[in-house]
Amino acid sequence: MSAQSRIAACVLSLAFGPAALAQATGATTTESVAQKSRNISGVVETVAGNKVVLREADGLHEYNPPAGFKFQLDGRDVGVDEIKPGMSINAVVTDKVITRQVTLTRIESGTVAQVAPGGIVLKDQNGDLKSYNFKDPAGNDIYFARDGKEVPLRNVKVGDRLSGTFVTTLPPQKISQRSAVAKATEPSAAPEPAVVAAATPHKLPKTASPLPLIGLLAALSAGIALTLRAARH
């Protein structure tokens, strides 16, 4: 293959993919972690399969714990199948997002043989041709570091001699993780119904006597008799 054909092939590769990524000689990874926690507290309203409906302060909310999730109940781990209506649930749910940023570096030297709309073709000291895009997959400009300066590849010209470290930043990778710790409490026992004793009539003291009642009846009888006698006369 002639030099012109090889240059044309390299230029064509710039339109279909970042060939330079396969030539990376080093990689640096940085990570950042964002974490957020929230509390869930309520009383179990219903349980159907793996779905738990809680009555919280602001109303009913439905939750679907992942397979194998365990609640802490009376010092032991239990599954959703042992959660019953009326139980109190207190849980802490933590969401964590890990962002990974990968930067690829490679040391290259050569002469710019071709500048295309999407990148350049570099010819090294062995006469091999390598293509480099102007932008990395994250949309950032690829540059090379030389003498403490960063020079974007899009600023080079045919015939320029490049020697330095080429830097490419890959798109950030985000990994989401969720964890939860939940405690279940049995409902409080209902209080025993109060027993009301039946009212019992008070008995007369032993010193009481029916004689006053008998005297009252006698007085009434005498009055009735006098009234009848007066009516006949």
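The values are calculated or read from the model by the stated rules, or taken from the named source; none is laboratory data. Remember, predicted model here, so these are calculated numbers, not experimental data. Every residue, glycine among them, receives a Cβ derived from its backbone with ideal geometry; neighbour counts consider all protein chains shown.
Screening the stretch 74-166 for strands (runs of 3 or more DSSP E) wholly inside it with 2 or more residues that are aliphatic (A, V, I, L, M) returns the ranges 88-115, 119-123.
For Asn90, are the conditions met, namely being without any contact (Cβ under 8 Å) to a residue 40 or more places away in the chain, surrounded by fewer than 19 Cβ atoms within 10 Å (Cβ to Cβ) and not acidic (Asp, Glu)? Here the answer is no, as Asn90 does not meet what is asked.
Identify all residues within the stretch 44-67 that are loosely packed, with under 14 Cβ neighbours inside 10 Å and within 13 Å of Val181 (Cα to Cα); write none if there are none. Scanning the stretch 44-67 gives a single hit, Pro66. The numbered conditions (1) closer than 30 Å to Asn39 by Cα; (2) modelled with pLDDT under 90; (3) surrounded by 13 or more Cβ atoms within 10 Å (Cβ to Cβ); (4) of a type in the set (Gly, Ala, Ser) are all true for Gly119 except (1). Is it true that some residue in the stretch 69-90 is farther than 30 Å from Ser131 by Cα, touching a Leu at 6+ places or on another chain (Cβ under 9 Å) and not β-branched (Val, Ile, Thr)? Within the stretch 69-90, one or more residues are farther than 30 Å from Ser131 by Cα, touching a Leu at 6+ places or on another chain (Cβ under 9 Å) and not β-branched (Val, Ile, Thr).
Please go through the stretch 130-141 and give me each residue that is touching a residue at least 40 places away in the same chain (Cβ under 8 Å) and surrounded by fewer than 18 Cβ atoms within 10 Å (Cβ to Cβ), ordered by number.
First, pick out the residues of the stretch 130-141 that are touching a residue at least 40 places away in the same chain (Cβ under 8 Å): 130-133, 136-137.
The answer is Pro137, and nothing else.
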